[in-house]
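What follows is one structure encoded as structure tokens, with my remarks underneath.
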Amino acid sequence: LLLLVCIAAITILHAQQVPPAPADKAVVYFVRISSLGFAINFSYFDSTHLIAKCNGTNYVRYECQPGPHLFWARSENRDYIEAELEAGKIYFVGVQPQMGGLKAAVQLSPVTPDNEKRMGKVLKLIEKKSPESFSSEELSREETEMQDIIKRGLEKYKEDKEKGKIIERLEKTMFYTP
């Protein structure tokens, strides 16, 4: 009986590691669980807005307005994920480093609660570490310096769509419930 109580307590504590989303916002976690290319920075964007720029095994918690979003990441390449988000919900985007020509490339994909193995790795990282955080001044300065990169990134997205490239989707129904 004591063992069952301990397991239940650990499960409850584990679930409390993911703070709830505000009622009027959606929350997206960008989670990099692989250490491949650990020294290479990946830049994360919400359309024209820089969310974060970080390297190594880590994650970023991003609060945003519900509705449609175009998230993308940049390294040696660019990868995109279209999202339709609901207020008060939490979503996870997996960030996978890939072998690149000169440095690590990046791939984005939804992490859904039904993928227990992957979700377990994500939750374990969130339990161990605090999210990467950046001041608004820091992000604004970086975003200003990256205007040409942002413009080219969005042009590449449009080209890919016109060529019929399949873009991953993060649907409203792919939310996480603690």
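Read-outs: derived from the displayed coordinates by stated rules, not from any lab. Quick caveat: nothing in here was measured; it's all calculated off a predicted structure. Cβ atoms come from the backbone with ideal geometry, glycine included; neighbour counts cover every protein chain shown.
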request  = Tell me the trypsin sites (Lys or Arg not before Pro) within the stretch 110-173 that lie in a loop according to DSSP and have at most 16 other beta-carbon atoms within 10 Å.
outcome  = Lys129, Lys163, Lys165
Lys158-Thr177 pseudo-label distance in nm [points 7 Å out on the Cα-to-Cβ vector] = 4.1
message = Explain nothing, just compute: Karplus ³J(HN,Hα) = 6.51 cos²θ - 1.76 cosθ + 1.60, θ = phi - 60°, for every residue of the stretch 80-90 in order, whole Hz, x for Gly and Pro.
response = 10, 9, 8, 9, 10, 10, 10, 4, x, 10, 10
query = With labels modelled as points extended 7 Å from the Cα through the Cβ direction, what inter-label distance (nm, one decimal) is found for Lys117 paired with Glu86?
reply = 2.8
Pairwise centroid distance, computed over Cα atoms, of the stretch 21-87 with the stretch 120-168, Å = 5
message = List the residues, sorted by chain then number, that are 5 or more residues from Leu170 or on another chain and whose placed amide H is less than 5 Å from its amide H.
response = Glu82, Ala83, Glu84
task = Enter the angle in degrees (range 0 to 90, nearest 10) between the Cα long axis of helix 116-128 and the first principal axis of the Cα atoms of the chain, meaning the one along which they spread out most.
result = 90
query = Counting other Cβ atoms within 10 Å, which chymotrypsin sites (Phe, Trp or Tyr not before Pro) in the stretch 73-178 have at most 16 and lie in a DSSP loop?
reply = Phe134
request  = Report the charge-dipole magnitude of the chain in Debye, nearest 20, computed about the Cα centre from +1 at each Lys and Arg Cβ and -1 at each Asp and Glu Cβ.
outcome  = 500
note = Surrounding charge for His49, neighbours by C-beta under 12 angstrom, Lys/Arg +1, Asp/Glu -1, total -3
task = Please work out how many pairs of lysine residues in the stretch 17-120 are eight or more positions apart (or on different chains) and have Cα atoms closer than 27 angstrom.
result = 6
task = Starting from the eigenvalues of the Cα gyration tensor, five times each then square-rooted, give me the equivalent ellipsoid semi-axes of the stretch 101-178, largest first, whole Å.
result = 27, 22, 13
ask   = Once amide H atoms are placed 1.01 Å from N in the peptide plane, what residues at a sequence separation of 5 or more from Gln107, or on another chain, have their amide H within under 5 Å of its amide H?
value = Gln96, Gln98
query = What value, in deg cm²/dmol to 500, does the helix sum -39500 (n - 2.57) over DSSP H runs of n ≥ 4 give at 222 nm once divided by the residues of the chain?
reply = -9500 deg cm²/dmol
remark   = Sorted by chain and number, the residues with a modelled amide H under 5 Å from that of Phe92, at a separation of 5 or more or across chains, are Tyr29, Val111
ask   = For Gln65 and Gln147 in one chain, what is 0.36 nm times their gap in residues minus the Cα-Cα distance, to one decimal in nm?
value = 27.3 nm
request  = Could you work out how far apart the two model spin labels at Thr57 and Lys124 are, taking each label as a point 7 Å from the Cα in the direction of the beta carbon, and quote it in nm?
outcome  = 0.8
message = Which one, Gly120, Gly56, Gly164, has the greatest fluctuation when you compute a Gaussian network model over the chain with C-alpha springs under 10 angstrom?
response = Gly164
